[in-house]
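Here's the structure, in structure tokens; my notes come after.
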Amino acid sequence: KQEVTQIPAALSVPEGENLVLNCSFTDSAIYNLQWFRQDPGKGLTSLLLIQSSQREQTSGRLNASLDKSSGRSTLYIAASQPGDSATYLCAVDPATSGTYKYIFGTGTRLKVLA
Amino acid sequence: DAGVTQSPTHLIKTRGQHVTLRCSPISGHKSVSWYQQVLGQGPQFIFQYYEKEERGRGNFPDRFSARQFPNYSSELNVNALLLGDSALYLCASSLEGAFSGANVLTFGAGSRLTVL
């Protein structure tokens, strides 16, 4: 059974720091992995999608990497800003599902202090 | 283009009642998925519909049901509400129903259900 874990559960950093959020999954048979951002009480915004054949994706100050063999993904945020404060969720699409049945982690709550 | 729209945004029900949540996907998207997010947890998959047919069902009781209409909008119904059904219900749409490259799930803002 696929399980997704995110560490740390919460993180507080001063503005300008570079930071890394971690996501691990137990079954390497995945179609893709997506990182989402969720603001309090809101829906999810897709940040980056990494297909199973890819190693990393970049968008602006965000870089996500994927190591399927070790069941790990990292989201790197460069030069953090207070506007980056949110919960970051990773989700995997299990290759066995045949549908968009994403398995989510519990998220990392990020607070960037001005 | 409008994104994924959900209604109502907030609602309060009492135990034993029934609720219907609605979702309109992005224009051109044929797949709709429903997720339940309990406070402090990640979303959990409930259903996926593609071209009006159920493509997947998560580990939820039969009190939960859904359907997709010819215009690809969708309804999630929950009968005999329990306190534990209190959650944010998220709808997501995508172009297609299963892995086909880099299809991205686009989520709506959710419907916050409180069961008293």
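No lab work stands behind these numbers, since they all come straight from the coordinates. Bear in mind the structure is a predicted one, so any value in this text is a computation, not a measurement. Ideal geometry is used to build each Cβ from the backbone, glycine not excepted, and the neighbour counts take in all protein chains shown.
Some notes on this structure:
- Ordered by the count of other Cβ atoms within 10 Å of each Cβ, fewest first, B:35, B:50 give B:50, B:35.
- Label positions at residue A:56 and residue A:19, each projected 7 Å from the Cα along the C-beta direction, are separated by 2.0 nm.
- A straight chain from residue B:17 to residue B:77 at 0.36 nm per residue would run longer than the Cα-Cα distance by 20.5 nm.
- For chain A: relative contact order, % (alpha-carbon pairs under 8 angstrom, 6 or more apart): 37 percent
- Pairwise label distance in nanometres, residue A:42 with residue A:69, each label 7 Å out on the Cα-Cβ vector: 3.9 nm
- For B:64, B:45, the sequence from fewest to most other C-beta atoms within 10 Å is B:64, B:45.
- Taking other residues whose beta carbon is less than 11 angstrom from the beta carbon of residue B:64, and scoring Lys, Arg as +1 and Asp, Glu as -1, yields 0.
- Chain B - percent relative contact order, Cα under 8 Å, separation 6 or more: 36 percent
- In this structure, the residue pairs whose Cα-Cα separation is over 18 Å, taken from A:101/B:30; A:42/A:111; B:13/B:52; A:1/B:30, are B:13/B:52; A:1/B:30.
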